[in-house]
Amino acid sequence: MDVEQQKRESADDKLINDAFQKLLNDYLASRHRKKVDLITKAFNFARQAHKGVRRLSGEPYIMHPIAVAQIACSEIGLGSTSICAALLHDVVEDTDYTVEDLENIFGSKIAQIVDGLTKISGGIFGEQASAQAENFKKLLLTMSDDIRVILIKICDRLHNMRTLDSQPANKQYKIAGETLYIYAPLANRLGLYKVKSELENLSFRFEHPEEYASIQDKLASTQASRHELFDQFTTPIEQALKQMGIQYQLKERVKTPYSIWCKMQNKHVTFEEIYDILAVRIIFTPRKREEEMNECFNIYVAISQIYRSHPDRLRDWLSHPKANGYQALHVTLMSKQGRWIEVQIRSDRMDEIAEQGFAAHWKYKEGEDAEYTEDENELNEWLRTIKEILDDPQPDAMDFLDAIKLNLFASEIFVFTPKGEIKTMPNGCTALDFAFSIHTFLGSHCIGAKVNHKLVPLSHRLNSGDQVEILTSKSQHVQPAWINFVSTAKAKAKIQAILRRDNRETQKHGEELLIEFLKKNEIEYTPAVADQLAEFHDVAKRDNFFLSLGEKNIILGDKDIDELNGKNKKGTDGKSGWRKYVPFVSQKKKKDDEPQQQLFVVPDKFNRKKPIYITEETIHAFKFKNCCHPIPGDDSLGYIDNKKQIEIHKRACPVAAKLKSSYGNRILDVKWDMHKLMFFDATIRLSGIDRIGLLNEVTQVISSQLNVNIHTINITCEDGIFEGIIELRVHDRENVKAIISSLKTVQDLKEISEII
């Protein structure tokens, strides 16, 4: 062994030993039972198993399991079982050891958690779909046996996000997209607020690096003024708390870059126009644990005598905690500087649960490593709902993730049964959702409901505090239209399962009709033939095509035979399931006899790690979808569709979010290399106070100052309020930003935003 290699190995050993020692020190400083021997045994086993393997960043692979265990211990507060599982979580996947080996050495509990964490290849969604969706499904199946599976998985994802710099750009978009779509809402649902915020911010940083850097710079430059506002606002509050004899600490909570960016996008405002960047947190230690709720209200009364409170913005999460266990009292107060500031009041116990979520519940049990018991009703209900979704035989990757997200993101309302039992439901749910939440039979035979003793239809949306009685009839059957107004994952999954069962016979009949038709025309039936005809009739899936045949919505004829014999000619915007959107007009019009550029088809040995460049010459080779209208300068990505053609989307596009999560291996990095030779459509909405000459000033700014071509302009004026929509021809995103910035200088224009 040469000297250089010895030095490197010595440096690696020091790095590994220091990291493990820090993990042990943090574990010994916690309240858990001290099972140091078990953790050391797991560390030595994992170190030997991963020996000689390195990560893309160049560091020894064992540093990743140590880092995941460190997050589990220090940031989520888990104990020895979880730490051992975190240290061993990649052993089964990456080495020759099996789950049985781990069970023999470390016992069934640790082996079971590691099995839940082990990634799987292939999967029920087929080779084209991302294995991530199947991986996620297995993870959810095991998490109801032990919630620590999902907690460690989130730790694993957090460390991967922290070290994402070493991955190529297309992988970064895939992993960041999955994180925003799946793991951040999961962390939020489990009450891991700090982890959820970091996952969102890291995803934002990799997907929109320029916007992230810009917001970080602005937060840094306004830090001093925020500190000053915090000090001025909290000084009288501190005096009041001291007079009450309360042991407390005050924290300054600053909105995260991701949530600021989301607000800027949704409200079409600038950073400077966001006024709730600062919030104040009062964390107190109650004199007696059973009086902590009363003390919260006492603090609220005291501070609302100092500042005027906003009557509509009192949030009581004390009496009705959120489904993730979050408890606090939120009140919004008017500061002496004329700014509304939110104050969150919570005890130290509530704060710990707010930061660490369900993991914090272990700290209030005897012996942390006692088996986890699901005594939290809302979590238990949520896990049961997910189990029911997973029982559905073959959900499509996209539908599956959507169904899960319906339950992850929904905020809650509280409704009552006729007997007065309280049930937590997602906001926006209907009477039919409520029926399915109680029992599938009740939902499938529901004909209506009585809400607060008044008769309402199935589609009636419920509000918090409603008392709901479900009305049923044995003659009622599930209707396809129901899927359009239910909003919970459970109801959608059950309706789809029942409809699928009902449709199987119809599909079988449709397939028989097709086989008979083809036989009559001396054409052999194959799945490829069925797919070709399905596409010809603009039907996305073969099963849906059979269903339409069975229901007589499609009648087969001579055109179908011509299609199979290649006599029907189709252009790229013909019946191929998508409509080609060309968001640009060239300065030079093409001559009629000039051949149209063909769409690029991805070859088998295509390097997906390298970015694709969009230039004036190549722009016609890609599909520009209607969902988000990307133009040069937008943060964009490519997606290889089923025809091996490339769709271009904005990275923030909702459709792209699903694609990144379900089909991550088909995502490509996109770079724009345009030279202001082409024009693209952009639409701007204006509103303000009407006055003579306002429209003239607007057009002067756009046409004369910025030399931008106005395509159409539509103005309305009512009761002195001016509203307008202007369609422009721009070269790129910089043009749009410059126009919006310049229009903000026009007096009496109050709101300016781009219509996507």
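Take every Cα-Cα distance within the stretch 236-277, group them into 10 Å bins from 0 onward, and report for each bin the whole-number percent of pairs it holds. Result, from short to long distances: 24, 31, 19, 22, 4 percent. Other residues with beta-carbon under 13 Å from the beta-carbon of Lys737 carry, at +1 per Lys or Arg and -1 per Asp or Glu, a net charge of -4. Distance between the C-alpha centres of the stretch 51-109 and the stretch 629-679: 36 Å, rounded to the whole angstrom. Toward the positive end of the charge dipole of the stretch 163-246, with +1 on the Cβ of Lys and Arg and -1 on the Cβ of Asp and Glu, the farthest Cα among Ser214, Ile246, Ser166 is that of Ile246.
Each of Asp231 and Ser687 was given a label point 7 Å from its Cα along the Cα-to-Cβ line. The distance between the two points is 4.0 nm.
Derived scalar couplings between HN and Hα for the stretch 246-261 equal 8, 7, 9, 9, 10, 10, 9, 9, 10, 4, 6, x, 5, 5, 5, 4 Hz in order, rounded to whole Hz, by the Karplus curve 6.51 cos²θ - 1.76 cosθ + 1.60 (θ = phi - 60°), x for Gly and Pro.
Mind giving me the FRET efficiency for Gln705 and His675? R0 is 25 Å, r the Cβ-Cβ distance, nearest 0.05 is fine. The value I calculate is 0.65.
Across all directions, the shadow cast by the convex hull of the stretch 252-335 built on its C-alpha atoms averages 7.1 square nanometres. The three principal axes of the C-alpha atoms in the stretch 1-126 carry coordinate ranges of 46, 44, 26 Å, sorted with the longest axis first. In a simple Cβ point-charge model (Lys, Arg +1; Asp, Glu -1; nothing else charged), the stretch 305-345 has a dipole of about 140 debye relative to its Cα centre.
Each label point was placed 7 Å from the Cα along the Cα-to-Cβ direction; for His330 and Lys34 their separation is 4.2 nm. Using θ = phi - 60° in the Karplus curve 6.51 cos²θ - 1.76 cosθ + 1.60, the 3J(HN,Hα) couplings for the stretch 106-115 round to 10, x, 6, 5, 5, 4, 5, 5, 4, 4 Hz; x is entered for Gly and Pro. If you take all other residues with their beta carbon under 12 Å from the beta carbon of Glu210, and give Lys and Arg +1 and Asp and Glu -1, the sum is -2. Volume of the convex hull of the stretch 590-747 (Cα atoms only), normalised per residue: 151 Å³.
Peptides 743-752, 72-81, 473-482, 338-347 ranked from most to least packed by the mean count of surrounding Cβ atoms within 10 Å: 72-81, 338-347, 743-752, 473-482.
DSSP loop chymotrypsin sites (Phe, Trp or Tyr not before Pro) in the stretch 1-108 with at most 16 other Cβ atoms within 10 Å of their Cβ, which ones? Here no loop site has a sparse enough neighbourhood. With both labels modelled 7 Å from their Cα along Cα-to-Cβ, the Lys242 to Arg162 distance reads 3.8 nm. Between the stretch 719-753 and the stretch 487-507, the C-alpha centres lie 47 angstrom from each other. With 29 Å as the limit on Cα-Cα distance, the pairs of Lys174/Lys267; Lys508/Lys625; Lys450/Lys492; Lys51/Lys171 that go past it are Lys508/Lys625.
Fully extending the segment from Asp312 to Arg729, taken as 0.36 nm per residue of separation minus the present Cα-Cα distance, adds 145.8 nm. The packing ranking, built from the mean of other Cβ atoms within 10 Å per residue, places the peptides 272-284, 660-672 in the order 660-672, 272-284, highest first. Between amide H atoms placed 1.01 Å from N, distances below 5 Å from Gly448 occur with Leu471, all of them 5 or more places distant or on a separate chain.
Each value in this text was obtained by applying a stated rule to the coordinates, not by laboratory testing. Just so it is clear, the model here is predicted, and its values are computed rather than measured. Cβ sites come from the backbone with ideal geometry, for glycine too, and all protein chains shown count toward neighbours.
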